[in-house]
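*Asks:* Below is a structure I'd like to ask you about.
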Amino acid sequence: MKQITLIRHGKSSWEFDVSDKNRPLKTRGINDAKLVANQFIKHHNIPEKIYSSPANRALSTCKIFTKIFDLSENSIEVVEDLYDFGGESVINFIKKLPNDCNEIMIFGHNHAFTSISNIFGSTFIANLPTSGLIKLNFDIDHWKDLKKGTTELIIIPKELK
């Protein structure tokens, strides 16, 4: 059994003249990420490995989760291939994961995460909103065999307010 938890980065700010990769989180993005992380940790295990896109907004969201999980920022592995909006690079990354790791969490971007959720999950979602989380379960032993799984959990920040 393999499990993937996908978290879309928190709401980011466009008010600064920075590249897309360097856009920071808005206050709402920080607060929503805290809400979702606290809701997740109430009923679910901390994953074995945590990966993040190098984009500021994704990595900042990831750091909020690791703080709430009481983990060091050293537990985060930043992966350039996760700075992906289509999903192909993320899927290829997942299929190359080490098989001794069964539960992973990835912080990244849309439309990649909505697309992956619909390709591999059992519940259709029109859009994974900012700070949204979806957990998918797979009846496989090897990541390279990634196929349709089941959607275990969806957390939408707006539904927690």
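The values are calculated or read from the model by the stated rules, or taken from the named source; none is laboratory data. Since the structure is predicted, the reported quantities are computational estimates derived from the model, not experimental observations. Here the Cβ positions follow ideal geometry from the backbone for every residue, glycine too, while neighbour counts run over all protein chains shown.
*Asks:* If you check SER117 against the conditions, is it at negative phi, surrounded by fewer than 20 Cβ atoms within 10 Å (Cβ to Cβ) and either at pLDDT below 95 or among the hydroxyl-bearing types (Ser, Thr, Tyr) (or both)? Explain how you work it out, then say what you get.
*Replies:* Values: at negative phi: yes; surrounded by fewer than 20 Cβ atoms within 10 Å (Cβ to Cβ): no; either at pLDDT below 95 or among the hydroxyl-bearing types (Ser, Thr, Tyr) (or both): yes.
Here the answer is no, as SER117 does not meet what is asked.
*Asks:* Which of the residues that make up segment 13-51 are exposed (fewer than 15 other Cβ atoms within 10 Å of the Cβ) and among the aliphatic types (A, V, I, L, M)?
*Replies:* Within segment 13-51, VAL18, ILE41 meet the criteria.
*Asks:* Could you check segment 149-161 and list, in sequence order, the residues that are of a type in the set (D, E, K, R) and more than 12 Å from THR123 (Cβ to Cβ)?
*Replies:* Restricting attention to segment 149-161, the residues satisfying the condition of being of a type in the set (D, E, K, R) are 152, 158-159, 161.
Within segment 149-161, LYS158, GLU159, LYS161 qualify.
*Asks:* Based on this model, can you work out whether ILE76 counts as touching a Ser or Thr at 6+ places or on another chain (Cβ under 6 Å) and without any contact (Cβ under 8 Å) to a residue 40 or more places away in the chain?
*Replies:* yes
*Asks:* Restricted to segment 120-161, and to residues that are in contact with a helix residue (DSSP H, G or I) (Cβ under 7 Å, 6 or more places away or on another chain) and exposed (fewer than 14 other Cβ atoms within 10 Å of the Cβ), which residue is farthest from ASN102 (Cα to Cα)?
*Replies:* Looking at the filtered set, the residue picked out is LEU160.
*Asks:* Name the single residue that is surrounded by the most Cβ atoms within 10 Å (Cβ to Cβ) among those in segment 52-85 being outside any helix (DSSP H, G or I) and hydroxyl-bearing (Ser, Thr, Tyr). Write out each step before concluding.
*Replies:* Here is the first cut: in segment 52-85, the residues outside any helix (DSSP H, G or I) are 52-55, 69-72, 76-79, 83-85.
Narrowing the set further to residues that are hydroxyl-bearing (Ser, Thr, Tyr) leaves 52-53, 72, 83.
Numbers: SER52: 25, SER53: 27, SER72: 9, TYR83: 19.
Checked segment 52-85; the qualifying residue surrounded by the most Cβ atoms within 10 Å (Cβ to Cβ) is SER53.
*Asks:* So which residues in segment 19-67 are without any contact (Cβ under 8 Å) to a residue 12 or more places away in the chain and either closer than 22 Å to HIS111 by Cβ or among the aliphatic types (A, V, I, L, M) (or both), if there are any at all?
*Replies:* Within segment 19-67, SER19 is the sole residue that qualifies.
*Asks:* While we're here: Just to verify a result, which residue in segment 100-113, among those that are under 21 Å from LYS144 (Cβ atoms) and out of contact with any Lys or Arg (no Cβ under 8 Å at 6 or more places or on another chain), is surrounded by the fewest Cβ atoms within 10 Å (Cβ to Cβ)?
*Replies:* Start the filter on segment 100-113 by keeping residues that are under 21 Å from LYS144 (Cβ atoms), which leaves 100-106, 108, 112-113.
Cutting the leftovers down to out of contact with any Lys or Arg (no Cβ under 8 Å at 6 or more places or on another chain) gives us 100, 106, 112.
Numbers: ASP100: 6, ILE106: 26, ALA112: 24.
Filtering segment 100-113 for residues that are under 21 Å from LYS144 (Cβ atoms) and out of contact with any Lys or Arg (no Cβ under 8 Å at 6 or more places or on another chain), the one surrounded by the fewest Cβ atoms within 10 Å (Cβ to Cβ) comes out as ASP100.
*Asks:* If I ask for residues that are in contact with a Gly (Cβ under 7 Å, 6 or more places away or on another chain) and surrounded by fewer than 21 Cβ atoms within 10 Å (Cβ to Cβ), which ones from segment 1-11 would you list?
*Replies:* LYS11
*Asks:* Something else now. If only one of ASP81, ASP32, ASP20 is more than 25 Å from LYS148 (Cα to Cα) and at pLDDT 95 or above, which one is it? Steps first, answer last, please.
*Replies:* Values: ASP81 fails: more than 25 Å from LYS148 (Cα to Cα); ASP20 fails: at pLDDT 95 or above.
Sole residue among the options that is more than 25 Å from LYS148 (Cα to Cα) and at pLDDT 95 or above: ASP32.
*Asks:* Still on this structure, please answer the following. Taking the condition of being of a type outside the set (Gly, Ala, Ser) and part of a helix (DSSP H, G or I), how many residues in segment 1-51 meet it?
*Replies:* Let us first name the residues in segment 1-51 that are of a type outside the set (Gly, Ala, Ser), namely 1-9, 11, 14-18, 20-28, 30-32, 34-36, 38-51.
Remaining after also requiring part of a helix (DSSP H, G or I): 20-22, 27-28, 30-32, 34-36, 38-43.
Summing the residues that are of a type outside the set (Gly, Ala, Ser) and part of a helix (DSSP H, G or I) in segment 1-51 gives 17.
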